[in-house]
1. Can you list residues from other chains, or at least 5 along the same chain, whose modelled amide H is less than 5 Å from the amide H of ASP61?
2. Per residue, how much accessible surface does the stretch 78-121 expose to a 1.4 Å probe? Answer in Å², no decimals.
3. Which residue fluctuates the most in the chain, going by a Gaussian network model with Cα springs under 10 Å, if the choices are GLY95, GLY46, GLY29?
4. Work out, step by step, the length gained on full extension between ASN107 and PHE49: first 0.36 nm times the residue separation, then minus their alpha carbon distance; give nm to one decimal.
5. Got the relative contact order for the chain handy, in percent, Cα pairs under 8 Å and 6 or more residues apart?
6. Once all Cα-Cα distances of the chain are split into 10 Å bins that start at 0, what whole-number percent is in each one?
7. What do you get for trypsin sites (Lys or Arg not before Pro) in the stretch 24-92 restricted to DSSP loop and a cutoff of at most 14 other Cβ within 10 Å of the site's Cβ?
8. Go ahead and estimate [θ] at 222 nm for the chain from helices alone: -39,500 (n - 2.57) per DSSP H run with n ≥ 4, summed, over the residue count, rounded to 500.
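The values are calculated or read from the model by the stated rules, or taken from the named source; none is laboratory data. What you see is a predicted model, and the numbers here were worked out from it, not measured in a lab. Glycine also receives a Cβ, built like all others from the backbone with ideal geometry; neighbour counts cover every protein chain displayed. Please note that ligands, DNA and RNA were not included when accessible areas were found on the heavy atoms of the full protein model with its side chains. Shrake-Rupley method; radii C 1.70, N 1.55, O 1.52, S 1.80 Å.
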Amino acid sequence: MTETYDIDPEINALVGEWFDLKEAATALGLNQNRVKQLVNDGQLLGLPFRGGLLIPVAFFDDKEIVKKLSGTLVQLKDAGFTDLESLRWLFADDGLPGSPIQALRENRGTEVRRRAQALGL
């Protein structure tokens, strides 16, 4: 796991741990090009960094992307959120018990999706 990067300090503090592209591919059991495609398709969110990508470790559960994360990312994009804004929203406490990404990881995605959908109204 990659520990620290010269990225927005607020985002880095919220996210905590990052995978680079190679680590993310290993975590999913995919090749790096497939992971890039998941990011390009909006099913996974990664920040460009020094010619590569950084992807939050919290987006992974075993060898899968956290359940309902992809749909939530689509809803946030539809609401006009940038990637950084989406990361802030997912990792910040917005009144749920814990952050939205924590709720998704704990299979409490219905409330997260409802809140994400309301952002687009």
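1. So ASP61 has HN proximity to VAL66.
2. Working: 2450 Å² over 44 residues.
With the other protein chains kept in place, the stretch 78-121 gives 56 Å² per residue.
3. Maximum among the listed residues: GLY95.
4. On the way: separation 58, 0.36 × 58 = 20.88 nm, distance 3.00 nm.
Between ASN107 and PHE49, full extension yields 17.9 nm more.
5. Details: 158 pairs, mean separation 27.3, N = 121.
Relative contact order of the chain: 23 percent.
6. Bin by bin from 0 Å, the calculated values are 14, 48, 34, 4.
7. Details: sites: ARG34, LYS36, ARG50, LYS63, LYS67, LYS68, LYS77, ARG88; in loops: ARG50, LYS63, LYS67, LYS68.
Hits after loop and neighbour filter: ARG50, LYS63, LYS67.
8. Working: 7 runs with 60 residues, N = 121.
Computed mean residue ellipticity for the chain: -13500 deg cm²/dmol.
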